[in-house]
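J.: I have a structure here, written as structure tokens, and I will follow up with some questions on it.
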Amino acid sequence: MNILVPNLGSTSLKYQLLALPEGSVLAKGRLERVSDYAAAISQICTDAPIDAVAFKAVHGGPKYCGTFVIDDDVIAAMEEYRLAAPAHNAIYLMGIRAFRAAMPSVPLVAAFETEFHATIPEYAACYGIPRDWCERFGVRRYGFHGASHQYIGERVPEMLRVPRETLRLVSCHLGGSSSLCAIRGGRSIDTTMGFSPQSGLENATRHGDLDAFALLFLMDRKGWSVSTAAEQLTRTGGLAGLSGIPGGDIRDLEKAILDGNEDAALALSVFTYQVKKTIGAYAAAMGGIDAVAFTGGIGENSARLRHGCCEGLEFLGVRLDRLRNEGGEGDRVVSADRSPVAVVTLATNEELIVARRAYASLTQAAARV
């Protein structure tokens, strides 16, 4: 089965066509400056036929924490939780509708990012809110970046040649959007993102964790509407807000730090502190820690950031090797030989996880017919 996995951005469309069940890549590409998804879809170049399209969908609420063939109910759920994932659901809804129109006979599948985190214990998923908020409106910790954390949870035991069932791993997906996940025995038991992808660590332009009353205070003082407040939180916060550098790209921050920009240095210190603090917290949640993995555009490529996140965690057994951390390429171990906790850096593969989930879902559906 050939499954197309599109990765939709606000002005870009990346894609891979994978053959399942083997998982080999048949075609891949990237389209930039996309203003019309219908036109962009017509430019996707594949020699092989497309049997299904699978989306790395973000938020479908409590009913859709899994992988589903897309129908009107799935789309309605994504619309309902659109405000909780404003930077994602709107784009994916637009893309889904465009693919529906362009490929009406091809099944579309939504592999929700929340699926991997469905194993988080109730005591870790609950907020201190009235039960009615959770039961009627689905307000709880969902977690996101599920496909990436799932891949890391599968790949790291292979790299370290240890059983997945016994590994206590902290997965650090650090990029323009960042989150950490505590993975014990291959299962998510906690993660930094919560009801929305806006929470947790500071992202490039998203605020991360914030006292809800700070927002209420500003809405009252500035007369902001809900949509204005959402715009502020998604586009002006995070590393961009702390540093004053538009876009909050870590490469721009690191360059600014070399030029003596103290705000950029503060932004990076805030970010690495939150990562470091969370690694320690997740070690406590798992009853110990065996490995830390860094992935994503920042986690993979910034030796400076990996060093900042690990520095001070020697008491847990985390010891980087400076030469390994600063040199080398590809998936590799960057901790010292005698480090009790392995530290690895690797490329994630969300498309493979999404395609596998879609293949399993479609195969099971076919078997039931």
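J.: Which far-off residues, 5 or more places away or on another chain, put their amide H under 5 Å from the one on residue 348, with H placed in the peptide plane?
T.: The answer is 296.
J.: With the Cα gyration tensor of the range 224-331 giving a ≥ b ≥ c as the square roots of its eigenvalues, does the rule (a/c under 1.5 for rounded; else a/b larger than b/c for prolate; else oblate) give rounded, prolate or oblate? Write down the numbers at each step before the final one.
T.: Values: a/c = 2.26, a/b = 1.45, b/c = 1.55.
Judged from the Cα gyration tensor, the range 224-331 comes out oblate (a/c at least 1.5, b/c at or above a/b).
J.: Let me ask something else. For every other residue with a beta carbon closer than 12 angstrom to the beta carbon of residue 139, add +1 if it is Lys or Arg and -1 if Asp or Glu, then tell me the sum. Intermediate results must be reported in sequence, preceding the final value.
T.: On the way: positive: 131, 136, 140, 141; negative: 132, 135.
That works out to +2.
J.: For the chain, how big is the tail of P(r) above 30 Å, as a whole percent of Cα pairs? If you can, show how the numbers build up before the last one.
T.: Working: 26859 of 67896 pairs.
Summing the P(r) of the chain above 30 Å gives 40 percent of all pairs.
J.: Along the positive direction of the dipole of the range 225-366 (beta-carbon charges: Lys, Arg +1; Asp, Glu -1; about the Cα centre), which of 242, 366, 346 reaches farthest?
T.: Of the candidates, 366 comes out farthest on the positive side.
J.: Then there is this: Calculate the dipole size of the range 323-369 relative to its Cα centre from +1 charges on Lys and Arg beta carbons and -1 charges on Asp and Glu beta carbons; express the result in debye to the nearest 20. Display every interim value, and only then the final one.
T.: On the way: 6 positive and 6 negative charges, 64 e Å.
With only Lys, Arg, Asp and Glu charged at Cβ, the dipole is about 300 debye.
J.: Quick one: which of 14/255; 28/276; 222/276; 63/222 span more than 32 angstrom between C-alpha atoms? Let's see the in-between values first.
T.: Working: 14/255 28 Å; 28/276 35 Å; 222/276 35 Å; 63/222 36 Å.
Among 14/255; 28/276; 222/276; 63/222, the Cα-Cα distance tops 32 Å for 28/276; 222/276; 63/222.
J.: I need two numbers for the range 162-345: Rg to one decimal and Dmax as a whole number, Cα atoms only, in Å.
T.: Cα radius of gyration and Dmax of the range 162-345 are 17.3, 57 Å respectively.
J.: Compute a Gaussian network model of the chain, connecting alpha carbons closer than 10 Å, and tell me which residue from 39, 264, 52 fluctuates the most.
T.: In the Gaussian network model the winner is 39.
J.: How large is ³J(HN,Hα), in whole Hz, for each residue of the range 353-366 in order, when computed from phi with the Karplus curve 6.51 cos²θ - 1.76 cosθ + 1.60 and θ = phi - 60°, using x for Gly and Pro?
T.: 5, 4, 5, 5, 4, 5, 4, 4, 5, 5, 5, 5, 5, 5
J.: Counting other beta carbons within 10 Å of each residue's own, what order do 56, 63 fall into, fewest first?
T.: Starting with the residue having the fewest Cβ neighbours, the order is 63, 56.
J.: Using θ = phi - 60° and the Karplus curve 6.51 cos²θ - 1.76 cosθ + 1.60, what whole-Hz ³J(HN,Hα) does each residue of the range 202-215 get, with Gly and Pro shown as x?
T.: 5, 9, 4, 10, 9, 5, x, 5, 8, 4, 4, 6, 5, 5
J.: Another question about this same structure. From the alpha carbon gyration tensor of the range 2-143, can you work out the equivalent ellipsoid semi-axes (sqrt of 5 times each eigenvalue) and give them in Å, largest to smallest?
T.: Values: eigenvalues 185, 53, 33 Å².
With the √(5λ) rule applied to the range 2-143, the semi-axes are 30, 16, 13 Å.
J.: Taking Cα centroids, how far is the range 152-207 from the range 307-369 in Å?
T.: A separation of 9 Å, based on Cα centres.
J.: Using just the C-alpha positions of the range 71-229 as equal point scatterers, what log10 of I(q)/I(0) does the Debye formula give at each q in 0.11, 0.14, 0.16 1/Å?
T.: Those come out to -0.55, -0.85, -1.06, one per q.
J.: Please arrange 120, 289, 129 by how many other C-beta atoms lie within 10 Å of their C-beta, fewest to most.
T.: Details: 120 22, 289 25, 129 12.
Going from least to most buried by this count: 129, 120, 289.
J.: Run the dipole for the chain about the Cα centre, Lys and Arg Cβ at +1, Asp and Glu Cβ at -1, nothing else charged, and hand back the magnitude in debye, nearest 20.
T.: 320
J.: What ranking do 338, 368, 304 get, fewest neighbouring Cβ atoms within 10 angstrom at the top?
T.: On the way: 338 8, 368 5, 304 16.
Final ranking by Cβ density, sparse to dense: 368, 338, 304.
The numbers here are math on the coordinates, done by the rules we state, and not lab data. Quick caveat: nothing in here was measured; it's all calculated off a predicted structure. Glycine gets a Cβ as well: all are built from the backbone with ideal geometry, and neighbour counts include every protein chain shown.
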